[in-house]
Amino acid sequence: MSFDYKLLGRKIKEARESLLIEKDEIAKYLRCSVEEYEKIESGELNSIDGDTIIIISQVLEMDFRYFVSGDYVSAESQVKELFRQNGDITKNDRKAIRKFIRLCEEKHNLEG
């Protein structure tokens, strides 16, 4: 079974957009051009190293497992619903919410 790079790209794009982060901001962290980063989001690349996924995960305040696994359950859908209901949430508020959820997920993982 091959890895679904289009799904990975879609997950990354949705997570980035939910935080109101521009493509160039993530490209800067990856030390690549926006065009190269866009290939990740579009699923055009058929090989992405683990370090790149980890960096993207850190910028987007998400567990890397959400991006690489179809089985990893994330609170992302609940966060999206919250953002839809409260459209006036600032970029910093969105990041704080995502960071809090991430901490809660890690606490749960450690307790398990």
(request) Pop a pseudo-label 7 angstrom from the Cα along the beta-carbon direction at both Arg10 and Glu36 and give the gap in nm to one decimal. (result) 2.7
(request) Please work out how much length the chain gains when fully extended from His108 to Asp24, using 0.36 nm per residue of separation minus the C-alpha to C-alpha distance, in nm with one decimal. (result) 26.9 nm
(message) Given R₀ = 41 Å, what would the calculated FRET efficiency be for Leu45 paired with Ile89, taking r from the Cβ atoms and rounding to 0.05?
(response) 0.85
(request) Note down the net charge around Ala27, summing +1 for each Lys or Arg and -1 for each Asp or Glu among other residues with Cβ under 10 Å from its Cβ. (result) -3
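Read-outs throughout are calculated quantities, based only on the coordinates presented, and are distinct from any laboratory measurement. Model, not experiment: these values are computed from the prediction. Reconstructed Cβ throughout: ideal geometry from the backbone, glycine too, with neighbour counts over all protein chains shown.
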